[in-house]
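I have placed the structure first, in the form of structure tokens, so that the comments after it can refer back to it.
Only the coordinates and a few stated rules stand behind these numbers; no lab work does. This structure is a prediction, so every number in the text was calculated from the model and none was measured. Counting neighbours? That spans all protein chains shown, and the Cβs are built from the backbone with ideal geometry, glycine included.
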Amino acid sequence: MSVFLLIVQVIYLMLPGIMANSAPVLFRHWKFADVPIDHGRRLGGKPLFGPHKTYRGFLVGIISAIIVAYLQQMLFASAFFAKLSLLPYDDINIFLAGFLMGFGVLSGDLVESFFKRRAGKPSGASWFPWDQLDSALGGIAFLSLIWLPSWGILLTVIILALFLHVGIRHIAYHLGINKSKW
């Protein structure tokens, strides 16, 4: 297998998670369920997670991941997309896979946010490399409940997460979606 194909396959595998991570930002103007998950609670004078981690974000993130996973399953009938697919879309509960990926990505981000607040980092501040790895590791960890990636795939996810996160943040900054490049 070529390195280029593996990179494309891993990006395709992570698309539901990428969408789950992007959806809360894309739908931030919706007021539905715009309630912080920590309900403003504090620990040691610091927020548990912060005001940007909301029920709305979790809901739209998970729903977005399920939709993308479902679309990937539909595309699996095509030889081109079957070659891109690492998941056995014809032999997997796609709604569960999408849910696990979305829930895992958002949970990884939530855990990272908890520790980021403990470290005294404000919401939106850079915290390398955890900002880049939290979601990817959470997504893969939860997805591994129904599908085990190889070590090569796991390593590729980690390396790509480091680079793609920075690239996506820069693009979102230039599109006016994020307030900072990093």
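Within the set of other residues whose C-beta is less than 13 Å from the C-beta of I62, count the net charge using Lys and Arg as +1 and Asp and Glu as -1. Walk me through the numbers before you get to the answer.
On the way: positive: R56; negative: D109.
Result for the neighbourhood of I62: 0.
Here is the link list: K83/K179; K121/K179; K83/K116. Which ones come out longer than 28 Å on Cα distance?
K83/K179; K83/K116
Based only on other Cβ atoms within 10 Å, what is the fewest-to-most ordering of S126, S2, S78?
On the way: S126 14, S2 7, S78 11.
Ranking S126, S2, S78 by Cβ neighbours within 10 Å, fewest first, gives S2, S78, S126.
Round to the nearest 10 and give me the degree value, 0 to 90, for the angle of helix 94-118's Cα axis relative to the longest principal axis of the chain.
30 degrees
Can you list the aspartates and glutamates whose alpha carbon is less than 13 Å from that of K46, not counting same-chain residues fewer than 8 positions off?
Filter leaves D38.
Under 8 Å for C-alpha pairs, at least 6 residues apart: give me the relative contact order for the chain, rounded to a whole percent.
23 percent
Just rank D34, D109, D90, D131, fewest to most, by other beta-carbon atoms within 10 angstrom.
Placing the least packed residue first, the sequence is D90, D34, D131, D109.
Given 37 °C and 0.692 mPa s, how large is the Stokes-Einstein diffusion coefficient of region 3-174 in µm²/s, with Rh as the Kirkwood radius over Cα pairs?
D, rounded to a whole number, is 199 µm²/s.
Specify the inter-centroid distance of region 64-98 and region 1-21, based on alpha-carbon positions, in whole Å.
12 Å
Ignoring the sites themselves, what is the longest stretch of the chain with no trypsin sites (Lys or Arg not before Pro) in a DSSP loop and at most 12 other beta-carbon atoms within 10 Å?
Result for the longest clean stretch: 42-178.
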